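This report concerns only the one structure given below.
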Amino acid sequence: MTAPTYVPGHDLLAGKVVAVTAGAGAGIGASVVRRALEEGAKAVVFSDTHERRLAEAEASLAEEFGTDRVRQLVCDVTDEVQLSAFLDVADELGGLDVMVNNAGLGGTASILEMTDDQWSKVLDITLTGTFRCIRAAGQRMVAAGKPGVIVNNASVIGWRAQEGQAHYAAAKAGVMALTRCAAMDLAPHGIRVNAVSPSLAMHPFLAKVTSDELLDELKAREAFGRAAEPWEVANVMVFLASDYSSYLTGEVVSVSSQHA
C-alpha cells in the first residue's frame, strides 16, 4: 500500500495554548505536538517522564517553530504535584485551551499469571492518570471562565478482545466511559471532551515490545494492510481539538481501517 501523503497545516488551532502528556519520542503524542504547532497553536507545552528525550524534543521543535511556542516539563500523570506544575506552564503561556491526554502504559500478561501490581500499574497510569488530567484541566478551564477542549487517547482494544491484554483493555474501555461521563459534567461550562480509538499506529517503541508475527497479524486486520502513521491519528485528535468539531462531545472516534 502506498504511504499516505502528509497533510499541511490549515491553522485549525490558531491562537490556542495546547498541553500534551507523553509528548516526547516518536509516537502519537509527539505527532500531536508537531501537528498542533503546524496548525498554528500559540504555544504547546508537552510532558513525558524521560527528561533527556524531552529536552531533545524541545530543542528540535524550538529551532523549527520558535522558542516562544514550545515548552516542556517532566510530568508523571500519577503525581498530582507534577501535573499541577505542568499545567502551571500552560497558564504562564496564556491559559489552557486544549488538553490532550496521551499518557498510557501497556503490557502483555495472561489473566492467569497477571499480578496485582501489573494490573494496578496499567490502570493507574492509563485510566486513573487520564482521570487526573481531565479533572485538573477541567478545573483550570472552569476557573478561567472560557470554553476548552479535552481529547483523550483510548484504543480499539477497549472494544475488542485480545489475548494477554486484560489490564490494558479494561483501562482503555474505562477511558471511553470516562470520556462520555466527563463530557456531561463539563458541557455546562462549555468544555468538550472526546477521545480517539486507534487500532494500530506504528512507532519505534511498539516495534520493540511487539513481535513481528503479532504486528503482521494486526496489519492483516486492517483494510489498507498497514498500520497507521502516528500523524494520521494526530490529525483526528487535532480535528477534535478544533472548532470544526464544535458540536461533538462525549464521542469516541475510531481511527482505524479495520475490516467490517
For this session: Report the FRET efficiency, 1/(1 + (r/R0)^6), for A143 and E213, where r is their Cβ-Cβ distance and R0 is 45 Å, rounded to 0.05.
Result: 0.35
For this session: Determine the distance separating the Cα centre of the range 123-148 from the Cα centre of the range 166-181; give it in Å without decimals.
Result: 16
Seminar exercise, completed: For the chain, longest principal axis from Cα atoms; helix 166-186 axis from its Cα atoms; angle between them, nearest 10 degrees, is 30
Problem set entry | 26 Å Cα cut-off, lysine pairs counted over the chain (separation 8 or more, or different chains) | 8
Exercise. Using 0.36 nm per residue, how much length does the chain from R53 to A85 gain when fully extended, once their Cα-Cα distance is taken away?
Worked result: 9.6 nm
Problem set entry | Relative contact order for the range 17-255, counting Cα pairs under 8 Å that sit 6 or more residues apart, in percent | 20
Exercise. Label points 7 Å out from Cα along the Cβ direction at E113 and R180: separation in nm?
Worked result: 3.4
Seminar exercise, completed: Per the rule of 0.36 nm per residue minus the C-alpha distance, extending F224 to S254 adds in nm 9.3 nm
Problem set entry | Sum of -39500 (n - 2.57) over DSSP H runs of 4+, divided by residues of the chain (222 nm, nearest 500) | -13500 deg cm²/dmol
Exercise. Helix 80-92: angle to the longest alpha-carbon principal axis of the chain, degrees 0 to 90, nearest 10?
Worked result: 40
Exercise. Size of the dipole of the chain about the Cα centre, Lys and Arg at +1 and Asp and Glu at -1 on the beta carbon, nothing else charged, in debye to 20?
Worked result: 580
Exercise. Roughly what % antiparallel, to the nearest 5, for the DSSP beta bridges in the chain?
Worked result: 5
For this session: Using only Cα atoms, find the angle between the long axis of helix 230-241 and the longest principal axis of the chain, and express it within 0 to 90 degrees, rounded to the nearest 10.
Result: 50
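Coordinate-derived values only; no laboratory data. Bear in mind that the values here come from a model prediction, so they are computed numbers and not experimental data. Neighbour counts are summed over all protein chains in view; Cβ atoms, including those assigned to glycine, are modelled from backbone coordinates with ideal geometry.
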